[in-house]
Amino acid sequence: MEIVPFSSEYSSRTRSFVLGVLSEEGFDYDPLKDSDLDDIHYSYFHDGGAFFLSLNREKLIGTSAVKNLGCGVCEIKRLYLKKECRGKGIGLSLFLTALEFAKKDHHCIKVKTDSSLKKAISMYLKSGFVVVKKKNGAIWFERYL
């Protein structure tokens with residue numbers, strides 16, 4: 001397993017992968033929230049963010065991303081992992097890769113997740129994030145550096 005920066009050759013595979021994981025978890029495609037997947041390179045790299053892929057023998061098994069929100073603030077997003085790969089530390093590695101990237105140029109890091117994703121919530125809390133908002137089944141976290 002390796003974690004590599006996103007490159008355009010993975011565009012369609014990454015979009016399909018993320019939408020597939022969302023579907024498995026019971027979430028539908030949302031044209032507003034998921035439009036970043038139409039041009040991942042522009043959506044993340046254009047403004048100083050990042051997008052990471054976890055590959056196992058060239059097979060895409062996970063993603064994570066950092067979206068620059070401006071003024072030293074960013075959001076860690078798109079932390080997804082194939083179901084059969086969970087519980088092996090790969091998700092944590094993807095998260096830590098995004099977190100280390102975020103720490104370089106940002107003083108505030110945000111994360112949003114669904115309240116049903118207990119392992120993700122635990123990981124964020126253990127990594128120093130605090131809950132700042134809960135609404136409609138979503139939880140928002142922040143960490144100041």
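Each value in this text was obtained by applying a stated rule to the coordinates, not by laboratory testing. Bear in mind the structure is a predicted one, so any value in this text is a computation, not a measurement. Quick reminder, even Gly has a Cβ in these numbers, built from the backbone with ideal geometry, and neighbours come from all protein chains shown.
Descriptive notes on the structure:
- Scanning segment 114-127 for residues that are among the hydrophobic types (A, V, I, L, M, F, W, C) and either over 21 Å from G49 (Cβ atoms) or surrounded by fewer than 12 Cβ atoms within 10 Å (Cβ to Cβ) (or both) returns L117, I121, L125.
- Flag if T63 is touching a helix residue (DSSP H, G or I) at 6+ places or on another chain (Cβ under 7 Å) and touching a residue at least 12 places away in the same chain (Cβ under 8 Å): yes
- Filter result for S116 (part of a loop (DSSP other than H, G, I, E, B) and either within 19 Å of V18 (Cβ to Cβ) or of a type in the set (K, R) (or both)): yes
- Only listed residue being exposed (fewer than 15 other Cβ atoms within 10 Å of the Cβ) and under 29 Å from Y144 (Cβ atoms), chosen from D47, D38, D34, D28: D47
- The listed residue being exposed (fewer than 12 other Cβ atoms within 10 Å of the Cβ), under 25 Å from G70 (Cβ atoms) and of a type in the set (V, I, T), out of V111, V130: V130
Residue by residue, here is whether (1) out of contact with any Ser or Thr (no Cβ under 8 Å at 6 or more places or on another chain); (2) within 19 Å of L22 (Cβ to Cβ) holds:
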site: A50; (1), (2): yes, no
site: I61; (1), (2): no, yes
site: R78; (1), (2): no, yes
site: K82; (1), (2): yes, yes
site: K88; (1), (2): yes, no
site: A102; (1), (2): yes, no
site: H106; (1), (2): yes, no
site: K134; (1), (2): no, no
site: G137; (1), (2): no, yes
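- Segment 86-113 residues that are free of Cβ contacts under 8 Å to residues at least 60 places away in the same chain and closer than 21 Å to I139 by Cα, paired with ones that are polar (S, T, N, Q) and surrounded by 20 or more Cβ atoms within 10 Å (Cβ to Cβ) (beta carbon under 8 Å, 6 or more apart): F95/S64; A98/S64
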